[in-house]
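The block underneath contains the structure these notes are about, expressed in structure tokens.
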Protein chains: 2
Amino acid sequence: MNERSSKRRTKVLASREVVFASALQAFAELGFHGASMRDIANRAGMSLSNLYNHAPSKSDLLVELLKTANYNHLSETEWAVSAAGPKAVDRLEMATRAYVNYILQHPLEALVAHTELRYLDNDARKRLVIARDRLEAIFENIVQEGVRAGEFHTPYPDDVARNLLSMCAGIAEWYRPDGPMTRDQIAEQFAHYAVRLVEQH
Amino acid sequence: MNERSSKRRTKVLASREVVFASALQAFAELGFHGASMRDIANRAGMSLSNLYNHAPSKSDLLVELLKTANYNHLSETEWAVSAAGPKAVDRLEMATRAYVNYILQHPLEALVAHTELRYLDNDARKRLVIARDRLEAIFENIVQEGVRAGEFHTPYPDDVARNLLSMCAGIAEWYRPDGPMTRDQIAEQFAHYAVRLVEQH
């Protein structure tokens with residue numbers, strides 16, 4: 001690659017970042033149906049036709065955003081769990097801290113993933129739900145392990161993970177970076193709730 | 001009132017119900033920004049100008065819907081608590097069951113209240129947030145009472161109510177009337193979680 005085409009490639013990749021950041025802002029502010037491709041192009045400081053070079057439709061932008069967000073959230077959570085020892089309670093705390101930290105670092109992504117997924121057509125939504133279920137499965141597996149090992153005593157081993165994650169999703173709605181708690185304090189608080197919900201005693 | 005004007009009045013009131021039911025469906029399916037007044041009029045089986053006789057704008061419809069939903073949710077919850085004895089744990093369980101039951105009976109309302117509030121302009125949103133805070137305050141007060149009485153031992157007495165209600169809000173997303181649990185079983189499950197979160201022991 002010569003210098004000129006390398007520069008162009010860098011520029012295209014950079015503008016791809018800008019496109020997705022702009023789409024995320026627009027969806028968070030106006031909702032999927034409220035945001036137009038023109039809004040997104042304006043925020044990205046590019047022409048509408050240039051935006052269409054990046055993404056053939058608004059749905060494609062949302063699918064790409066939610067897919068990336070989900071896989072990043074998944075890998076952060078799995079990575080954290082892989083550092084924990086064999087005890088289910090430690091794994092649950094690590095998973096919860098990492099899951100919450102991701103939301104705290106990407107509150108707009110979490111908000112849009114939570115509220116705009118339902119507007120996608122069936123096929124894309126199904127695939128995204130499957131991807132999201134893999135993330136939930138990390139928690140479900142830890143709960144099952146803990147119950148089998150006699151560490152956890154919840155009477156709801158099949159439901160508790162889903163409900164814990166609903167509680168975490170709420171963070172995206174009330175979190176303010178200038179609020180009274182640091183990110184670590186919030187993550188710690190939710191790890192504490194997680195242990196109470198699975199009834200480790 | 002003669003018979004004819006009484007009939008007309010009944011018809012106007014009935015169509016008001018239809019307008020709000022149609023607006024709720026449209027907002028749940030397409031989002032506040034995605035739904036147009038024409039969509040709502042079509043669903044209600046009336047002309048656009050007739051719809052404007054009921055509500056001057058789409059925002060007014062959403063504000064009215066969320067206001068009514070919130071006050072109904074509030075009164076159901078308060079009413080249930082007023083039947084409980086003095087023990088904080090009983091009050092918390094009663095409040096949680098009633099709160100959850102309302103969501104189970106009005107899942108679209110709960111969904112729209114949860115996801116579309118942020119699209120309203122500042123003044124209406126502020127007033128609705130105040131109304132919603134009154135509902136949250138029922139739970140906050142019970143938690144404070146329980147902590148003072150030595151019944152609850154949560155280290156997060158100021159936050160736990162909000163997080164419990166986030167968990168309840170998630171129900172509107174996964175609940176299916178033909179799912180494996182009855183409404184009472186779901187309400188019972190969440191009352192159980194509530195007691196674990198406040199750490200009654």
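A few points about this structure:
- Evaluation of B:I142 against (1) surrounded by fewer than 20 Cβ atoms within 10 Å (Cβ to Cβ); (2) more than 14 Å from chain A (Cβ to nearest Cβ) (one fails), failing number: (1)
- The range A:165-201, residues that are touching a strand residue (DSSP E or B) at 6+ places or on another chain (Cβ under 8 Å) and either in a helix (DSSP H, G or I) or more than 16 Å from B:T154 (Cα to Cα) (or both): A:V198
- Residue ID - farthest from B:L62 (Cα to Cα), chosen from residues in the range B:145-174 that are free of Cβ contacts under 8 Å to residues at least 60 places away in the same chain and loosely packed, with under 15 Cβ neighbours inside 10 Å: B:G150
- Annotation: of all residues in the range A:67-94 being in contact (Cβ under 8 Å) with a residue 60 or more places away in the chain and within 14 Å of the chain's Cα centre (by Cα), the one that is nearest to A:L128 (Cα to Cα) is A:K67.
- Counted residues, the range A:21-36 - those being more than 14 Å from chain B (Cβ to nearest Cβ) and surrounded by fewer than 20 Cβ atoms within 10 Å (Cβ to Cβ): 1
- For the range B:63-87, filtered to residues that are of a type in the set (D, E, K, R) and part of a helix (DSSP H, G or I), the residue that is least open to solvent (accessible area, probe 1.4 Å) is B:E64.
- For the range B:106-164, a tally of residues being charged (D, E, K, R), under 24 Å from A:F32 (Cβ atoms) and not in a helix (DSSP H, G or I) returns 1.
- Among the residues of the range B:88-120, none is identified as open to solvent by 10 Å² or more (accessible area, probe 1.4 Å), over 15 Å from B:D184 (Cα atoms) and among the polar types (S, T, N, Q).
- Residue within the range B:171-187 that is at pLDDT below 95 and at the interface with chain A (Cβ under 8 Å from one of its Cβ atoms) present: yes
- Residue within the range B:68-82 that is in contact with a Leu (Cβ under 7 Å, 6 or more places away or on another chain), in the same structural domain as B:H153 (by TED's automatic domain parsing) and over 22 Å from B:D184 (Cβ atoms) present: yes
- Of the set (1) more than 19 Å from B:A88 (Cβ to Cβ); (2) among the hydroxyl-bearing types (S, T, Y); (3) buried (at least 21 other Cβ atoms within 10 Å of the Cβ), all apply to B:Y193 but (1).
- The one condition from (1) within 24 Å of A:S22 (Cβ to Cβ); (2) more than 14 Å from chain B (Cβ to nearest Cβ); (3) open to solvent by 10 Å² or more (accessible area, probe 1.4 Å) that A:A131 does not meet is (3).
- Qualifying residue in the range B:48-59 (condition: open to solvent by less than 30 Å² (accessible area, probe 1.4 Å) and on the phi < 0 side of the Ramachandran plot): yes
- Total residues in the range A:136-155, condition within 20 Å of B:L197 (Cα to Cα) and touching an Asp or Glu at 6+ places or on another chain (Cβ under 7 Å): 3
The values are calculated or read from the model by the stated rules, or taken from the named source; none is laboratory data. Keep in mind that what you see is a predicted model, and the values were worked out from it rather than measured. Don't worry about glycine lacking a Cβ; one is built from the backbone with ideal geometry, like all the others, and counts go over all protein chains shown. Surface accessibility is based on the protein's heavy atoms, side chains included, excluding ligands, DNA and RNA. Shrake-Rupley method; radii C 1.70, N 1.55, O 1.52, S 1.80 Å.
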